[in-house]
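**Q** Below are the C-alpha cells for one structure; questions will follow.
The values are calculated or read from the model by the stated rules, or taken from the named source; none is laboratory data. Every value quoted in this text rests on a predicted model; they were computed, and no experiment measured them. Cβ: placed from backbone, ideal geometry, glycine included. Neighbour counts: every protein chain shown. Note: accessible area is taken over every heavy atom of the protein model, side chains too, but ligands, DNA and RNA are not part of it. Shrake-Rupley method; radii C 1.70, N 1.55, O 1.52, S 1.80 Å.
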Amino acid sequence: MINRAAELIRESSNPVIFSGAGMSRESGMRTFRGEEGLWKEYSPEQLSSIAGLRENPGLVWDWYRMRLIAGENVVPHPGYHALTYLQEQKGYLPVITQNVDGLHRLAGQTDVMEIHGSMRTASCMDKCGFSAQLTAELFHTGPPVCPDCGAILRPDIVLFGEPLPPKVISRSYELAESCDLMVVIGTSVQVWPAAGIPFAALESGAAIIEINPVQTELPRGDRVISIREKAGEILPVLTGFKERT
Ligand SMILES: [Zn+2]
C-alpha cells in the first residue's frame, strides 16, 4: 500500500494537498476546544464571533493572545518539509488547508489556500484596509487597535457565523475537480463545507491518498488508499524526502 501510494504521488501530473487539524496537532499545536479552565465558561460564539469581539474585545483578544503564545514555539514537523520538497520537485502543488496556524507557509510552501483564514495576520474590524502581522506584542496592553481609524482589530480567521472566503473556496473546488490525485492529511472529513472538497475530487475521478491514524468519513474503494499513520512519519517516506541535517 505504501509503495502504491508513493508510485501514485510520483506519477501524478496534477496533485493537490488537503490538510486538517491532525497535521497541526502532530507539530504540537493545541486546539483548546473542550479544555477545562477559564475558557470553558465561554461559548465558541462568544470567543469566535464578530458580535463577541464587539461586545467584549478584551476577553476575546485574551483568548487569541493565549492561542498565539501557545503556538509561538510550534514548528513544522518533517511531514511539512516533505510537502515543501514535493512542491519543489513537481513545480506545482497547490495546498488547501483547514488550519489557521500558517505552518504550511512557515515550512516554505507557496500556493497555500487557507479556507478558514490565518492566525498570522489581523485586520481592521471596520474594514478601513489596515492589516498587520499578528504578534503577541501587538496587544500586550489590551485589545489591538487599528492605527489608522481606531477600530478594534480582528484576527484574519473565519469567525463563527461568517462564510468561508468565496474566492478561496471556489478555487479549492476547481482544483478538486481538475486534479488527478488529492492527498488528504489529518482531517476527519466531517466539517462541511470544507469536507466536500475531497468528495468533489473523488467524484471527478481523482485518486485519493488519505493519511490519518484514525478512520475517517472517506469511503473505501479502488481509488482511495488509506494509510493509518502519522503524517510526520509517512510523508517523508512517500515523497522520497530526506531530512537535510
Ligand atoms: Zn481601521
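**Q** Report, by residue number, each residue of segment 187-204 that is in contact (Cβ under 8 Å) with a residue 12 or more places away in the chain and in a loop (DSSP other than H, G, I, E, B).
**A** 187, 188, 189, 190, 191, 193, 194, 195, 204
**Q** Sticking with this one: State all residues of segment 30-49 that are at pLDDT 80 or above, open to solvent by 30 Å² or more (accessible area, probe 1.4 Å) and either within 20 Å of residue 117 (Cα to Cα) or in a helix (DSSP H, G or I) (or both); if no residue qualifies, say none.
**A** Residues of segment 30-49 that are at pLDDT 80 or above, as a first pass: 42-43, 45-49.
Filter once more, so that each one left must be open to solvent by 30 Å² or more (accessible area, probe 1.4 Å): 42-43, 45-46.
Matches in segment 30-49: 45, 46.
**Q** Starting from segment 140-161, take each residue that is in contact (Cβ under 8 Å) with a residue 60 or more places away in the chain and list its partners that are open to solvent by 70 Å² or more (accessible area, probe 1.4 Å), counting only C-beta distances under 6 angstrom and pairs at least six apart or across chains.
**A** 144/138; 160/45
**Q** What pairs can you find where one residue is in segment 3-16 and over 12 Å from residue 93 (Cα atoms) and free of Cβ contacts under 8 Å to residues at least 12 places away in the same chain, the other is in a helix (DSSP H, G or I) and open to solvent by 100 Å² or more (accessible area, probe 1.4 Å), and their Cβ atoms are less than 8 Å apart, with a gap of 6+ or different chains?
**A** none
**Q** Being under 30 Å from residue 45 (Cβ atoms), polar (S, T, N, Q) and in the same structural domain as residue 22 (by TED's automatic domain parsing): is that true of residue 187 here? Outline the logic, then answer.
**A** Values: under 30 Å from residue 45 (Cβ atoms): yes; polar (S, T, N, Q): yes; in the same structural domain as residue 22 (by TED's automatic domain parsing): yes.
Yes; evaluated as a whole, the condition is true for this residue.
**Q** If you check residue 140 against the conditions, is it open to solvent by 60 Å² or more (accessible area, probe 1.4 Å) and either under 20 Å from residue 14 (Cα atoms) or at pLDDT below 90 (or both)? Spell out the reasoning first.
**A** Details: open to solvent by 60 Å² or more (accessible area, probe 1.4 Å): yes; either under 20 Å from residue 14 (Cα atoms) or at pLDDT below 90 (or both): yes.
Against the criterion (open to solvent by 60 Å² or more (accessible area, probe 1.4 Å) and either under 20 Å from residue 14 (Cα atoms) or at pLDDT below 90 (or both)), residue 140 qualifies.
**Q** Go through segment 141-159 residue by residue and tally those that are in a strand (DSSP E or B) and more than 16 Å from the ligand (Cβ to nearest atom).
**A** Residues of segment 141-159 in a strand (DSSP E or B): 145, 152-157.
Then drop every residue that is not more than 16 Å from the ligand (Cβ to nearest atom), which leaves 157.
Summing the residues that are in a strand (DSSP E or B) and more than 16 Å from the ligand (Cβ to nearest atom) in segment 141-159 gives 1.
**Q** For segment 160-186, which positions are open to solvent by 10 Å² or more (accessible area, probe 1.4 Å), part of a helix (DSSP H, G or I) and not β-branched (Val, Ile, Thr)?
**A** Selection gives 166, 167, 170, 171, 173, 174, 175, 177, 178.
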